[in-house]
Amino acid sequence: MFVRLSLALLAALATTTACGDDGGAGPDAGVAPDLSVEAAGPFAVGTATVTLVDAARSRTLPTQLWYPADAGAAAAAATGFGVAEFEAEPNRTAYADLLAAADPSCATRTAHAARDAAPAAGRFPLIAVSHCHQCTRFSTATVAERLASHGYLVIAVDHVGNTLWDQLAGGGLPLDTTTLDLRVGDVERAIDAVMSLDPAIPRPIAQLFDGSTVGVMGHSFGAVTAGKVAQTDARIDAALALAAPMENPLLPGVTVASIAHPLGFVLAVEDNSITELGNNLIRGNFDKATAGAWKAEVADAGHWSVSDLVGVTSGFAPGCGAGTRQTDGQPFTYLDAATGRGITAAYATAFFDAYLKAEPGALAYLDAARPSPTVTVVRK
């Protein structure tokens, strides 16, 4: 969980973090938004669990892949499987128990993918995903499934030492720059594994990668991680941050103006984990981007509205059910959890389609506030 910035620090920053200019580029003339991003794409989705070893850093990383699967996997993907089955025991039972105790309208319970399915024919861009603080590699599985169905190979690692399982065990790494650097190394190891045809990844799946096109995405602490990977790794072509600024004073190390790739930001308006001043940092990140940028602000969304883990623990609760607005302190009801994940999946797909595949309809979608007025967008 991305910890709340200290009030003193935020107060000091309040005068230096201007809001983004919402006068950005409008829709391209004559190009209709590609609404297909709002639903599953043409491919069935396969998923596989592997273990990557990084001997140089003494790291062993449980890893999840989502990918375009052969049409024969469509029925199995539609039926799916229980999300707890991403894990082996004892974590499987632990997660199942958390789901059983949670509000059934919050967290995702079914993964819509076919395990170990035969891959589709073709070559596709790679998206590397970094999860939130004390989360899991399947924290944004809904987004990963949508991307895979639209023709992406998606890879996410557990940032071991900084996962939900570490939190439940009463330990875990702190949210600091040392952990940030560890997480950056994990993401780079995942990209290396695909590019090098690491034997840990089934070769037919690794060979789906087109060999050159790479995006990175992260939620919360993962957003900072994605930003630093985009800044330091020349292989990255575009980066998307969910519900946190890439550049921020709590976790120094990212300079948005130094990132030579298009950047995207999804901002949860009622994010009481980072508060309005944290959201203003996101707006400031958008302003500072120099290689093209896009931002969506989602009304009534909380920090966990983008995540499949929303409501699984009390720390992941803001984003489902009743809450208190961080903007004015009034009681309200968060955006429906499935709707929040759906908005995130649609815009993530459009962002990467626009900037990795150069699809005009996807770029037009980034300028289409859907649904309006829940979502407001700006692009430059």
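The values are calculated or read from the model by the stated rules, or taken from the named source; none is laboratory data. This is a predicted model, so every value here is computed, not measured. No Cβ is skipped: glycine too gets one built from the backbone with ideal geometry, and neighbour counts run over all protein chains shown.
Yes/no matrix, rows are residues, columns are (1) touching a His at 6+ places or on another chain (Cβ under 9 Å); (2) in a loop (DSSP other than H, G, I, E, B); (3) of a type outside the set (G, A, S):
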site	(1), (2), (3)
A94	no, no, no
T108	no, yes, yes
A121	no, yes, no
A128	no, no, no
S139	yes, yes, no
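Of all residues in the range 101-147, how many are within 21 Å of the chain's Cα centre (by Cα), farther than 17 Å from V83 by Cβ and aliphatic (A, V, I, L, M)? Of the residues in that region, 4 qualify. Looking only at the range 108-120, residues that are of a type outside the set (S, T, N, Q), over 9 Å from A48 (Cα atoms) and touching a residue at least 40 places away in the same chain (Cβ under 8 Å) come to 6 in all.
Has the range 59-73 got at least one residue that is out of contact with any Pro (no Cβ under 8 Å at 6 or more places or on another chain), farther than 26 Å from P204 by Cα and surrounded by fewer than 16 Cβ atoms within 10 Å (Cβ to Cβ)? Among the residues of the range 59-73, not one is out of contact with any Pro (no Cβ under 8 Å at 6 or more places or on another chain), farther than 26 Å from P204 by Cα and surrounded by fewer than 16 Cβ atoms within 10 Å (Cβ to Cβ), which makes the answer no.
A148 - would you say it is of a type in the set (G, A, S), in contact with a helix residue (DSSP H, G or I) (Cβ under 6 Å, 6 or more places away or on another chain), over 22 Å from S58 (Cβ atoms) and crowded, with 24+ Cβ neighbours inside 10 Å? It would help to see each step written out before you state the result.
Working: of a type in the set (G, A, S): yes; in contact with a helix residue (DSSP H, G or I) (Cβ under 6 Å, 6 or more places away or on another chain): no; over 22 Å from S58 (Cβ atoms): yes; crowded, with 24+ Cβ neighbours inside 10 Å: yes.
No.
Taking the criterion of being assigned to a loop (DSSP other than H, G, I, E, B), touching a residue at least 40 places away in the same chain (Cβ under 8 Å) and under 27 Å from D97 (Cα atoms), the residues of the range 318-338 that qualify are P318, G319, C320, G321, Y334, D336. Would you check if there is a residue in the range 341-358 being surrounded by fewer than 16 Cβ atoms within 10 Å (Cβ to Cβ) and either over 14 Å from N272 (Cα atoms) or at pLDDT 95 or above (or both)? Scanning the range 341-358, I find at least one residue that is surrounded by fewer than 16 Cβ atoms within 10 Å (Cβ to Cβ) and either over 14 Å from N272 (Cα atoms) or at pLDDT 95 or above (or both), so the answer is yes.
Out of the range 356-380, which residues are assigned to a loop (DSSP other than H, G, I, E, B), farther than 27 Å from F124 by Cβ and not small (G, A, S)? Write out each step before concluding.
At the first step, the residues of the range 356-380 found to be assigned to a loop (DSSP other than H, G, I, E, B) are 357-359, 367-374, 380.
Within this subset, residues satisfying the condition of being farther than 27 Å from F124 by Cβ are 369, 371-374, 380.
The answer is P371, P373, T374, K380.
Scan the range 151-166 for residues that are of a type in the set (D, E, K, R) and either buried (at least 24 other Cβ atoms within 10 Å of the Cβ) or in contact with a Ser or Thr (Cβ under 9 Å, 6 or more places away or on another chain) (or both) and jot them down.
Hit for the range 151-166 is D158, nothing else.
Test D166 against the stated conditions and say whether it is of a type in the set (D, E, K, R), closer than 24 Å to V312 by Cα and out of contact with any helix residue (DSSP H, G or I) (no Cβ under 8 Å at 6 or more places or on another chain). Working first, answer last.
Working: of a type in the set (D, E, K, R): yes; closer than 24 Å to V312 by Cα: yes; out of contact with any helix residue (DSSP H, G or I) (no Cβ under 8 Å at 6 or more places or on another chain): yes.
Yes.
Provide a single number: the residues in the range 149-168 that are part of a loop (DSSP other than H, G, I, E, B) and either acidic (D, E) or farther than 18 Å from S307 by Cβ (or both). Of the residues in the range 149-168, 6 are part of a loop (DSSP other than H, G, I, E, B) and either acidic (D, E) or farther than 18 Å from S307 by Cβ (or both).
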